[in-house]
Amino acid sequence: MRDVTRRLMLLDTASLYFRAYFGVPESVKAPDGTPVNAVRGLLDFIARLVQDHHPDDLVACMDFDWRPQWRVDLIPSYKAHRVAEEAPAGSAGPDEEEIPDTLSPQVPVIEEVLDALGIARVGAAGYEADDVIGTLTAQATGPVDIVTGDRDLFQLVDDRRGIRILYPLKGVGTLQVTDEALLREKYGVDGPGYADLALLRGDPSDGLPGVPGIGEKTAAKLLASYGDLAGIMAAADDPASKVTPAQRKRLLEARPYVAVAPKVVQVATDVPVPAVDAALPAEPADPERLEALAARWGLGGALQRLLLTLGR
């Protein structure tokens with residue numbers, strides 16, 4: 001019987017359009033002078049990814065809530081330094097993220113163009129794109145390539161299931177293919193172990209304090225010795241264990257943080273995502289709309305290169 005296993009590619013869309021914004025000059029503009037560097041850069045990114053990695057299915061995963069309240073309730077510092085404006089008290093909407101003034105108007109254009117192309121775009125209220133990616137990965141029956149500049153998603157790497165992270169080092173032309181061998185070489189852990197490592201080490205970019213005095217190397221050594229976070233905390237509670245007195249003190253003092261941090265650090269895998277047709281389109285879903293968007297925003301060569309790649 002013919003093998004019908006399909007390769008799924010999941011895009012951490014915000015991560016990629018931020019990279020496109022900072023990687024493509026702001027002098028790239030629409031006919032009316034509006035910058036479209038993030039839009040055109042993202043289209044070129046997708047064309048290159050499809051050309052190089054040949055996915056059968058592709059989903060652009062979106063942040064419907066970049067700082068979910070349920071994570072903030074557990075760790076109030078979560079992404080707090082990136083808040084531009086807090087949502088009004090009692091509002092169901094998310095806080096407003098600090099985004100460059102000339103990037104935020106491009107995000108709706110990106111969404112319109114993806115929809116006109118017929119590239120599946122998925123988000124879920126109250127969840128980050130990471131959680132959408134975690135859920136779609138859990139549901140996948142074949143290999144999955146996750147494209148992100150966010151190391152948090154390294155926790156999803158699973159060689160047995162063919163789940164790897166394509167981590168951009170320079171644009172998307174140079175990608176670090178992150179599998180279990182690379183994680184063990186660089187961090188001394190496997191995929192699930194990376195979430196425990198990140199929790200212990202902390203992450204200033206996400207406002208995660210970590211355990212004071214426990215850096216990446218120490219966290220990796222503790223995980224190598226005791227297996228996982230639960231094993232480390234059990235060793236900290238055991239006077240006969242080989243945890244050093246300083247490490248024991250730090251871990252026990254951080255117990256309130258350690259108790260809640262796993263839910264914050266681990267991506268959700270049970271998000272209520274809508275059913276979509278993830279098949280990579282060979283031709284635009286709405287050619288007339290796409291033509292109008294191309295003219296309005298001057299998408300030119302970037303859009304043509306993507307259409308050519310999709311049509312092959």
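The values are calculated or read from the model by the stated rules, or taken from the named source; none is laboratory data. All values reported here derive from a predicted model rather than from experimental measurement. Cβ placement follows ideal geometry from the backbone for every residue including glycine, while neighbour counts extend to all protein chains displayed. All accessible areas refer to the heavy atoms of the entire protein, side chains included, with ligands and DNA or RNA removed. Shrake-Rupley method; radii C 1.70, N 1.55, O 1.52, S 1.80 Å.
Side notes on the structure shown:
- Residue within the stretch 97-119 that is modelled with pLDDT of 95 or more, in a helix (DSSP H, G or I), assigned by the TED database to the domain that holds ASP56 and in contact with a Cys (Cβ under 7 Å, 6 or more places away or on another chain) present: no
- Screening the candidates THR13, THR5, THR34 for the property of being crowded, with 17+ Cβ neighbours inside 10 Å and polar (S, T, N, Q) yields one hit, THR13.
- Some residue of the stretch 288-307 being surrounded by 14 or more Cβ atoms within 10 Å (Cβ to Cβ), of a type in the set (A, V, I, L, M) and closer than 30 Å to ILE214 by Cα: no
- Any chance GLY142 is in a loop (DSSP other than H, G, I, E, B) and touching a Phe, Trp or Tyr at 6+ places or on another chain (Cβ under 8 Å): no
- Note on the stretch 172-212: residues that are touching a Pro at 6+ places or on another chain (Cβ under 9 Å), among the hydroxyl-bearing types (Ser, Thr, Tyr) and outside the structural domain of ARG161 (by the TED database) total 0.
- Considering residues of the stretch 202-244 that are at pLDDT 95 or above, closer than 22 Å to LYS79 by Cβ and part of a helix (DSSP H, G or I) only, the residue most open to solvent (accessible area, probe 1.4 Å): LEU229
- The residue that is modelled with the highest pLDDT, counting only those in the stretch 45-89 that are of a type in the set (Gly, Ala, Ser) and more than 30 Å from ALA275 (Cα to Cα), is SER77.
- Out of LEU169, LEU153, sole residue that is closer than 23 Å to ALA224 by Cα and either at pLDDT below 95 or assigned by the TED database to the domain that holds LEU16 (or both): LEU153
- When each of VAL258, VAL273, VAL267 is tested for being in contact (Cβ under 8 Å) with a residue 24 or more places away in the chain, touching a strand residue (DSSP E or B) at 6+ places or on another chain (Cβ under 6 Å) and surrounded by 15 or more Cβ atoms within 10 Å (Cβ to Cβ), the lone residue that passes is VAL273.
- Residues of the stretch 176-201 satisfying the condition of being in contact with a Leu (Cβ under 8 Å, 6 or more places away or on another chain) and surrounded by fewer than 20 Cβ atoms within 10 Å (Cβ to Cβ): GLN176, VAL177, GLY188, ASP190
- The test for being crowded, with 23+ Cβ neighbours inside 10 Å and among the aromatic types (Phe, Trp, Tyr) holds for PHE45.
Residues checked against (1) open to solvent by 10 Å² or more (accessible area, probe 1.4 Å); (2) of a type in the set (S, T, N, Q); (3) closer than 22 Å to TYR21 by Cα:
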| position | (1), (2), (3) |
| --- | --- |
| LEU103 | no, no, yes |
| PRO108 | yes, no, yes |
| VAL113 | no, no, yes |
| LEU117 | no, no, yes |
| ALA125 | yes, no, no |
| GLY134 | no, no, no |
| ASP145 | no, no, no |
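- Selection of the stretch 53-69 for residues being in contact (Cβ under 8 Å) with a residue 60 or more places away in the chain and surrounded by fewer than 16 Cβ atoms within 10 Å (Cβ to Cβ) yields only ASP56.
- Output for the stretch 45-65, where each listed residue is among the aliphatic types (A, V, I, L, M), in contact with a Ser or Thr (Cβ under 7 Å, 6 or more places away or on another chain) and in a strand (DSSP E or B): ALA60
- Hey, ASP145 in contact (Cβ under 8 Å) with a residue 24 or more places away in the chain and in contact with a His (Cβ under 7 Å, 6 or more places away or on another chain) or not: yes
- From the list ALA261, ALA285, the lone residue that is small (Gly, Ala, Ser) and within 21 Å of the chain's Cα centre (by Cα) is ALA261.
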